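Have a look at the structure below, then the notes.
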Amino acid sequence: MEFKNREKVGSGGPYEDIVGYSRVLCAGPLVFVAGTTAGSDGSPIPESCEDQTRQTIEIIITNLNKVRVALDEVVRVRMFVVDIKRNWEDVSRVMNSYFANVKPVMTMVGVAGLIDDKMCIEIEMDAVRK
């Protein structure tokens, strides 16, 4: 399978140019969202994991909109959660509020930490354009 047209979108986040990645990359009908955290768009990082999860999803939605992709086209979600035993229920409530009707496959993995100690969650998504 060859994809000649790749569409790349950056969110202006502080690490994109340093590391050399795109926030969203489209290859044909396939859409990949890089690991995204609260503050990836330069906004302040909220204190609660629930608010960080909500802000992260909103950042992803904004960037998916730039490539004309909706949440109902998401097929896979990966969540990397600091202190998963404490935070999984808050994260799950927020995720359910966005994906209750979509039901993509999801994985939630506990991690020791993220690039900024204030961050509690990083989310990746894959979608297939309709």
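With the cut-off at 1.5 for a/c, could you classify the stretch 1-127 from its C-alpha gyration tensor as rounded, prolate or oblate?
On the way: a/c = 1.89, a/b = 1.33, b/c = 1.42.
Oblate, since a/c reaches 1.5 and b/c is not below a/b.
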What is the distance, in nm, between label points placed 7 Å from the Cα along the Cα-to-Cβ direction at Leu25 and at Glu124?
-> 1.1 nm
When the charge dipole of the stretch 1-127 is computed with +1 at the Cβ of Lys and Arg and -1 at the Cβ of Asp and Glu, the Cα pointing farthest to the positive end, of Tyr21, Val111, Asn5, is that of Asn5
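Relative to the present Cα-Cα distance, how much length would full extension add between Met106 and Ser92 at 0.36 nm per residue of separation?
Values: separation 14, 0.36 × 14 = 5.04 nm, distance 1.05 nm.
Full extension from Met106 to Ser92 adds 4.0 nm.
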The chain accessible area per residue, 1.4 Å probe, protein heavy atoms, integer Å², reads 56 Å²
Low-density loop positions, GluC sites (Glu not before Pro), the stretch 41-70 - DSSP coil, at most 11 other Cβ in 10 Å = Glu47
Treating the beta-carbon of each Lys and Arg as +1 and of each Asp and Glu as -1, no other charges, what is the dipole magnitude of the chain about its Cα centre, to the nearest 20 debye?
-> 560 debye
Estimated vicinal HN-Hα couplings, Hz - the stretch 65-77 in sequence order (Karplus 6.51, -1.76, 1.60; Gly, Pro = x) | 4, 5, 10, 6, 10, 9, 4, 6, 9, 6, 10, 8, 10
For the pair Glu58 and Lys85, what calculated FRET efficiency results from E = 1/(1 + (r/R0)^6), where r is the Cβ-Cβ distance and R0 = 22 Å, to the nearest 0.05?
-> 0.30
With a 1.4 angstrom probe the carbon and sulfur portion of accessible area for the stretch 1-89, in percent, totals 51 percent
Give the residue from Gln55, Ser43, Leu71 lying farthest towards the positive end of the charge dipole for the stretch 31-80; charges sit on Cβ (+1 for Lys and Arg, -1 for Asp and Glu) and the dipole is referred to the Cα centre.
-> Leu71
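The values are calculated or read from the model by the stated rules, or taken from the named source; none is laboratory data. Quick caveat, the model's predicted, so the values are computed rather than measured. Note: ideal-geometry Cβ built from the backbone for every residue, glycine included; neighbour counts use all protein chains shown. We work out accessible area using only protein heavy atoms, side chains counted, and drop any ligands, DNA or RNA first. Shrake-Rupley method; radii C 1.70, N 1.55, O 1.52, S 1.80 Å.
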